[in-house]
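These notes are about the structure you will find just below.
Each value in this text was obtained by applying a stated rule to the coordinates, not by laboratory testing. Bear in mind that the values here come from a model prediction, so they are computed numbers and not experimental data. Neighbour counts run over all protein chains shown; Cβ positions are idealised from the backbone, glycine included.
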Amino acid sequence: MATRIREKAEARRQSKDNRPYAKAKYIRMSPSKVRIVLDTIRGKKAEEAMAILENSTTSAAAVCLKVLKSAIANGEYKGSNRQDMFVAECYAGPGPTLKRLDIRARGRANRLLKRTCHITIILGNEQN
């Protein structure tokens with residue numbers, strides 16, 4: 001029994017994705033707004049993506065820049081060169097939604113959905 005457990009653990013270690021990545025969770029921003037920003041940097045070199053995010057005026061760009069810088073720092077810690085890194089994958093998934101009430105006329109109320117998101121950026125190394 002223990003042999004099988006060790007084999008499964010070894011198989012998990014072998015199949016693990018070792019690319020540098022960074023996540024930001026519970027960001028108080030709609031995932032659809034963040035996806036627009038992430039679509040502009042997907043597939044770009046890390047330095048170019050940083051320049052795009054620094055010059056973008058959207059509020060989502062500031063959060064995405066912070067996550068990108070963290071992913072680059074993680075890659076440098078693992079021994080990658082900053083010039084060789086590019087944005088391999090980036091996505092924003094939904095987080096928990098905060099439900100609030102919007103008071104309306106005649107004693108009624110509407111529901112406000114304050115959305116949150118989880119942002120993930122995965123970097124890859126260019127093989128020249």
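A few comments on the model shown:
- Here the range 19-125 is treated with +1 on each Lys and Arg Cβ and -1 on each Asp and Glu Cβ, and its dipole about the Cα centre works out to around 940 debye.
- Around the amide H of C90, modelled in the peptide plane, lie the amide H atoms of I122, all under 5 Å away and 5 or more residues distant in sequence or on another chain.
- Choice from K114, K44, K99 showing the highest fluctuation, given a GNM over the chain with Cα pairs closer than 10 Å: K99
- Charge dipole (the chain, unit charges on Cβ, about Cα centre) - positive-most of A62, T116, G79: T116
- Put simply, the convex hull of the Cα atoms in the chain casts, on average, a shadow of 12.3 nm².
- Sorted by Cβ density within 10 Å, fewest first, the residues Y77, Y21: Y77, Y21
- Relative contact order of the range 9-128, pairs being alpha-carbon contacts under 8 Å that are 6 or more residues apart, as %: 38
- Against the chain, whose longest principal axis comes from its Cα atoms, helix 31-41 is set at around 40 degrees.
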